[in-house]
Amino acid sequence: MRGDGLYRGGPSGAAPRRGRPPARPTRAPLTARARPAPPLPPPPLPQRPILLKGHERSLTFLKYNAEGDLLFTCAKDKSPCVWWSDTGERIGTYEGHNGAVWSLDVSADSKFLLTGSADMSVRVWAVATGESLATLPHKGPLHAVAWAEGGRAFATASDPFGMEVPATVSVWDFAPGDVAGSTARPRLEVVDRDAPRNKATRVGWLPLNEGLLVAYENGALRVLDPNTGTVVREIQAHEAAISSFAFNATKTLLVTSSHDKSAILWDVKDLRPLQTFTADVPLNAASISPITEHVIVGGGQEAMNVTTTAASAGKFETRFYHTVFGHELGRVKGHFGPINTLSFHPDGRSFTSGAEDGYLRLHVLDADYLALGDEDNLDDPALERALADGTYEELEAEEEAARAKEAAAATAVRAVA
């Protein structure tokens, strides 16, 4: 076959022939049709929390790292956990304690983790590998640990034990290159000789490590000199035990929660109270939003007192308050036991709570949340009445039914289209 011919696929053995290919058949012109209308967007789905179940017993404390991608939790089951904060996937556990773990703290660079346990020891862990780098024995159960700014020191608070061992606040030096050597013994131990049984419930460092802030079971707040242990300042912050405290992102504000059914917002510089948030149940935890003027608190009646009634009777909700006006803005329910710990995510768009029921609930806040508490919707008479007369649950059910009705209507319109 020569290259100047065009083979047309005749019978096998047939000689090639020249010529133009036959004309292609013409198609009838397409009739003009109207384009279908684009489908309506689906109705927004309700924001549901991510339920995390990795502990066998009640949650005691949780903490985000500085970047917010990791969530560290501890419970009465002696095995602290670390999770991815965006998906709730558990990364691993830190095995080694022989008792309930009451407190933990992660260093600013997310390399080291401190845990304090009822087995009378504090452990220093390598976050990435889970290796226990040092074990620091104490004379009593540990209820609080906290890294200093810069990560070159940390503080611990141990409970009294027996009749001879008093409650003690200790300061330890820390060298990343020599963990075991630098933590061989505490640099400072502080004991209240006038009230040796008054245990510390939380410890934290003031800006630039200028002082050590300690909360006590008798409701007092003290600022200690981290070098000498001298009491720089002391105030009676609450009428009952202070269960927790938390700074805002810049450490200019502090919120404390207490079993006296209140939480108080403080100016860190002079420990001056700025706002009081009252509740009708003991409060165990509080946190300050980094992006809105909100505070969240959690607590509830002791589980033993409400085991024969509905979960709502225990009032195990997370409550939102306006930091300036002190109004209660709303509640988030879901737990079946008192909330023991909670915290906003560092970006302020989600929060996590841990409770006596052994569950963690990671709540993602929707776009409407950012407007919560604005001047336009701050004065809501219906909400104020519901919170005052105890019909908040009914109001919430009505709003949920209204949202469901709107979603059903949107679905019907989409089906007709």
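Just so you know, all these numbers are worked out from the coordinates, no wet-lab data involved. Since the model is a prediction, treat every value here as computed from it, not as a measurement. All Cβ positions, glycine included, derive from the backbone under ideal geometry; neighbour counts span all protein chains shown.
Given points 7 Å out from each Cα along the Cα-Cβ axis, report the Asp194 to Ala180 separation in nanometres with one decimal.
Rounded to a tenth, the inter-label distance reads 4.3 nm.
Do any of Lys139/Lys269; Lys78/Lys269; Lys53/Lys405; Lys199/Lys333; Lys53/Lys261 go past 30 Å between their Cα atoms, and which? Write out the running numbers ahead of the final one.
On the way: Lys139/Lys269 33 Å; Lys78/Lys269 37 Å; Lys53/Lys405 33 Å; Lys199/Lys333 32 Å; Lys53/Lys261 28 Å.
Correct reply: Lys139/Lys269; Lys78/Lys269; Lys53/Lys405; Lys199/Lys333.
Taking θ = phi - 60°, what integer Hz values does the Karplus form 6.51 cos²θ - 1.76 cosθ + 1.60 yield along region 279-296, in sequence order, with x for Gly and Pro?
9, 10, 9, x, 9, 10, 7, 8, 8, 9, 5, x, 10, 10, 8, 10, 10, 10
Could you give me the ³J(HN,Hα) list for region 336-344, computed from phi with Karplus coefficients 6.51, -1.76, 1.60 and θ = phi - 60°, whole Hz, x at Gly and Pro?
Values per residue, Gly and Pro as x: 10, x, x, 6, 9, 7, 7, 6, 5 Hz.
Can you list residues whose amide H is under 5 Å from Leu133's amide H, if they're 5+ apart or on another chain and H is modeled 1.01 Å from N?
Counting only residues 5 or more places away or on other chains, the set is Val124, Trp125, Ala126.
Search the structure for amide H atoms under 5 Å from the amide H of Gly219, placed 1.01 Å from N in the peptide plane, and list their residues when 5 or more places away or on another chain.
Residues meeting the amide H criterion: Ile242.
Averaging the inverse of every distinct alpha carbon separation and then flipping it gives the Kirkwood radius. What is it for region 132-258, in angstrom units? Present the calculation step by step, with values, prior to reporting the outcome.
On the way: mean 1/r = 0.0670 Å⁻¹.
After inverting the pairwise mean of 1/r, the radius is 14.9 Å.
Report the equivalent ellipsoid semi-axes for region 59-236 in whole Å, largest first, defined as the square roots of five times the eigenvalues of the gyration tensor built from alpha carbon atoms. Intermediate results must be reported in sequence, preceding the final value.
Numbers: eigenvalues 131, 60, 50 Å².
They are 26, 17, 16 Å, listed largest first.
Name the long-range amide H neighbours of Trp102: under 5 Å, sequence gap of 5 or more, or other chain; modelled H, no Pro or chain starts.
Here Gly116, Ser117, Ala118 satisfy the definition.
Among Asp86, Asp194, which comes first, second and so on when ranked by fewest other beta-carbon atoms within 10 Å? Intermediate values should be presented prior to the final figure.
Working: Asp86 14, Asp194 6.
Result, fewest neighbours first: Asp194, Asp86.
For Glu302 and Glu149, calculate 0.36 nm times their separation in residues minus their Cα-Cα distance, and state this gained length in nm to one decimal.
Numbers: separation 153, 0.36 × 153 = 55.08 nm, distance 3.55 nm.
Stretched fully, the Glu302-Glu149 segment lengthens by 51.5 nm.
What ³J(HN,Hα) values, in whole Hz, does the Karplus curve 6.51 cos²θ - 1.76 cosθ + 1.60 give for region 79-96 when θ = phi - 60°, with x put for Gly and Pro?
Result, rounded to whole Hz: 10, x, 10, 10, 10, 6, 6, 7, 10, x, 6, 7, 8, x, 10, 10, 9, x.
Find the centroid of the Cα atoms in region 66-101 and in region 234-256, then give the distance between the two in whole Å.
Measuring centre to centre over Cα atoms gives 25 Å.
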